[in-house]
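Below is one structure, written out as structure tokens; comments come after it.
The values are calculated or read from the model by the stated rules, or taken from the named source; none is laboratory data. Because the structure is predicted, anything quoted here is derived from the model rather than measured. Using ideal geometry, Cβ is built from the backbone for each residue, glycine included, and neighbour counts are taken over all protein chains shown. What goes into the accessible areas is simple: the full protein's heavy atoms, side chains included, and nothing from ligands, DNA or RNA. Shrake-Rupley method; radii C 1.70, N 1.55, O 1.52, S 1.80 Å.
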Amino acid sequence: MTAYPPISEQLDDLESAREEGRRKMDWATQHMPILEHVREEFVDEQPFEGERIGMAMHVEAKTAILVETLADGGAEVAVTGCNPLSTHDDVSAALDTHENITSYAKRGVDDEEYYDAIEAVIAHEPTVTVDDGMDLVAAIHEDYPELIDGIVGGAEETTTGVHRLRAMDADGALDYPVFAVNDTPMKRLFDNVHGTGESSLASIAMTTNLSWAGKNVVVAGFGYCGKGVARKAAGQNANVIVTEVEPRRALEAHMEGYEVMPMAEAAEVGDVFLTTTGNRDVVVEEHFEVMQDGVLLANAGHFDIEIDLEALDDLAVDRYEARDGVEAYELEDGRRLNVIAEGRLVNLAAPVSLGHPVEVMDQSFGIQAVCVREMLENGDQYEAGVHDVPDELDTEIAEIKLEAEGVDFDSLTDTQRDYMGSWDHGT
Ligand code: RBV
């Protein structure tokens, strides 16, 4: 195995990086009541004593609070990034001061360093994995299958990761149990919708200093993320156009009042293109050929495969950095197509990006934390494969959040509960 160094051995001004990273984490934690609640429980009960948790996630302030929460529960945690551009080095360095945590995450790594860092995490021989995008699970299965016997289970954060895991499971190739954290209501309805919507639009606005008002914003894909982006863009007075391949989703977008059309048509009229499909080749050469001068191209899906940048590069006669985080591709006829954050997920990978808002990540990471607890308490009840998160864990997190927000809500009476459970009542 490689001897890839932790972040603390890679930075020049380590002390000030750690200080700044800690400051970001202090801010985040003030707005993360769920993790604070869970952390108190973990500190008291030490549920992870003797366990080793391997993580590949977007290492910034909110993720750092999850990492610390797990470490404070007694685990030894090794963490790295899940995207070459989303790490905040200062936060990574601050994490690396914790006696139970080793952080290998660094911003701007190339492919080789990215995978070396994943291997460095694997070298800790994790008993639990926490992934965002499934790169850790994939690397363990492909290159270190001998470790699988020692792994109790894992948890996966995002749509793309769960999609990959389900494909792996269908092939009979997934050899330990993994919770599909992404698929819970507490994740999907908030993180995917509000989180992606708000943070993608905010990152694009901050990166370009341009307005949404009056723009034709083309949203590719009307899943949970696309719905959020479309709704927030409409809320900023954009004219939203949706492209879809699934008839019911296309109809849903239509009934929500958005324009729905094929990408070939949208390409001609769009001012901003934002992909959220999780699939490859969504915006390709035939679309570049008809786009207007000055369009913005950005991706909010997990991987940088939705916009065909190779084809765009082939078409371009010139390429230059128009602003921090904006690469202009100039075509033969003089049109400039502006790609934001190298087509990587824009809410985390642009230089100014901060990821999803703190409040939604508190929810997502609250579920991650109780999933790790569940896996270690009851791992023997879960066979190899993808598992839905038990609903009572999801409701537990919702209740903690509602209490923190001071929101009261009703509960069923016994009569109502009986009624809902019976079938012999008609007109
Ligand atoms: N995401 N993490 C952040 N730490 O700031 N922002 C978004 C953060 C997660 C989100 O849960 C989504 O499913 C995943 O990133 C996509 O890689």
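Given R₀ = 56 Å, what would the calculated FRET efficiency be for residue 246 paired with residue 15, taking r from the Cβ atoms and rounding to 0.05? If you can, show how the numbers build up before the last one.
Numbers: r = 52 Å, r/R0 = 0.92.
Between residue 246 and residue 15 the formula returns 0.60.
Per DSSP helix of 4 or more residues, -39500 (n - 2.57); summed, then divided by the residues of the chain. What does that give at 222 nm, rounded to the nearest 500?
Values: 17 runs with 181 residues, N = 427.
Computed mean residue ellipticity for the chain: -12500 deg cm²/dmol.
On average, how much accessible surface per residue is there in the range 99-150, in Å², for a 1.4 Å probe, leaving out ligands, DNA and RNA?
40
What number, in nm² with one decimal, is the all-direction average of the projected area of the convex hull of the alpha-carbon atoms of the range 13-56? Please report the intermediate quantities before stating the final value.
Numbers: hull surface 18.4 nm².
Approximately 4.6 nm², given one-decimal rounding.
Counting only C-alpha contacts under 8 Å and six or more residues apart, can you give the relative contact order of the chain as a whole percent? Could you put the intermediate results ahead of the total?
Numbers: 895 pairs, mean separation 68.9, N = 427.
Averaging sequence separation for qualifying contacts and normalising by length gives 16 percent for the chain.
Accessible surface for the range 194-349, divided over its residues, is 44 Å² per residue with a 1.4 Å probe. Computed from the Kirkwood radius of its Cα pairs, the Stokes-Einstein diffusion coefficient for the range 103-227 at 37 °C and 0.692 mPa s stands at 196 µm²/s.
A Förster distance of 56 Å, applied to the separation of the beta-carbon atoms of residue 411 and residue 97, puts the FRET efficiency at 0.80.
Within the range 194-349, DSSP assigns beta bridges of which about 35% are antiparallel (rounded to the nearest 5).
Modelled spin labels at residue 313 and residue 209, positioned 7 Å past Cα toward Cβ, are 2.9 nm from each other.
In the full protein context, the range 355-427 carries 63 Å² of accessible surface per residue, based on a 1.4 Å probe and ignoring ligands, DNA and RNA. Expressed as a whole percent, the accessible surface of the range 194-349 that belongs to carbon and sulfur atoms is 44, based on a 1.4 Å probe. Here the translational diffusion coefficient of the range 194-349 follows from Stokes-Einstein with Rh set to the Kirkwood radius across Cα pairs; for 20 °C and 1.002 mPa s it amounts to 142 µm²/s.
Each part reduced to its alpha carbon centroid, the range 398-417 and the range 297-327 end up 47 Å apart.
If the reach is capped at under 27 angstrom between alpha carbons, list the lysines near residue 62, excluding any in the same chain fewer than eight residues apart. Cross-link targets: 24, 106, 187, 227, 232, 401.
Of the peptides 24-35, 96-107, 166-177, 354-365, the ranking by mean beta-carbon count within 10 Å, highest at the top, reads 354-365, 96-107, 24-35, 166-177.
Carbon-plus-sulfur fraction of the accessible area of the range 31-121, 1.4 Å probe, in percent?
Values: 1100 of 2870 Å².
Carbon and sulfur atoms account for 38 percent of the accessible area of the range 31-121.
Going by average Cβ density within 10 Å per residue, which order do the peptides 11-20, 284-293, 216-225 take, highest to lowest?
On the way: 11-20: 14.4, 284-293: 16.6, 216-225: 25.9.
Going by the mean number of other Cβ atoms within 10 Å, highest first, we get 216-225, 284-293, 11-20.
Could you calculate, for the range 149-284, the ratio of the Cα radius of gyration to the Kirkwood radius, expressed as Rg to Rh?
Numbers: Rg = 16.9 Å, Rh = 16.1 Å.
Radius of gyration over Kirkwood radius for the range 149-284 works out to 1.05.
Given a Förster radius of 35 Å and the C-beta distance between residue 292 and residue 377 as r, what FRET efficiency does 1/(1 + (r/R0)^6) yield to the nearest 0.05? The formula returns an efficiency of 0.05 here.
Reported to the nearest whole Å, the Cα centre-to-centre distance from the range 277-296 to the range 182-220 is 19. Per-residue packing, averaged as other Cβ atoms within 10 Å, sorts the ranges 78-88, 324-334, 189-199 into the order 78-88, 189-199, 324-334, beginning with the highest.
Once the mean of 1/r is taken over each pair of separate Cα atoms and inverted, the chain shows a Kirkwood hydrodynamic radius of 22.5 Å.
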